[in-house]
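Novice: Below are the structure tokens for one structure; questions will follow.
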Amino acid sequence: MEEKEAMNDESPFIVICTECKKVRGDGGTWQSSGVPYNGPAATVSHGICPFCARKLYPEYFPAESDSAA
Ligand SMILES: [Zn+2]
């Protein structure tokens, strides 16, 4: 009856990290590579995971302040 798919907090497509090939699953968790995504290619969006983003662009993604000295 009522299907509101655009109101979800999660993206309607699969995001694959172009750097480490991790795939973002439900809840924003990044799963390790080795398990290729078999779904429709139209839902695949290449992005970058927080780990690689922080590694490639440390100036944009500063480390957490938990270990700031
Ligand atoms: Zn990555």
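The values are calculated or read from the model by the stated rules, or taken from the named source; none is laboratory data. Remember, it's a predicted structure, so these values are computed and weren't measured experimentally. Cβ placement follows ideal geometry from the backbone for every residue including glycine, while neighbour counts extend to all protein chains displayed.
Novice: Only residues that are at pLDDT 80 or above and more than 10 Å from the ligand (Cβ to nearest atom): list them for segment 39-58, please. Please lay out each step first, then the result.
Specialist: First, the residues of segment 39-58 that are at pLDDT 80 or above: 44-58.
Hits for segment 39-58 are V44, S45, H46, Y57, P58.
Novice: Out of curiosity, is E10 modelled with pLDDT under 80 and not in a helix (DSSP H, G or I)? Reasoning before the result, please.
Specialist: Numbers: modelled with pLDDT under 80: yes; not in a helix (DSSP H, G or I): yes.
Spelling it out, E10 is indeed modelled with pLDDT under 80 and not in a helix (DSSP H, G or I).
Novice: So, in segment 14-38, how many residues would count as being surrounded by 10 or more Cβ atoms within 10 Å (Cβ to Cβ), at pLDDT below 70 and away from the ligand (no atom under 13 Å from the Cβ)?
Specialist: 2
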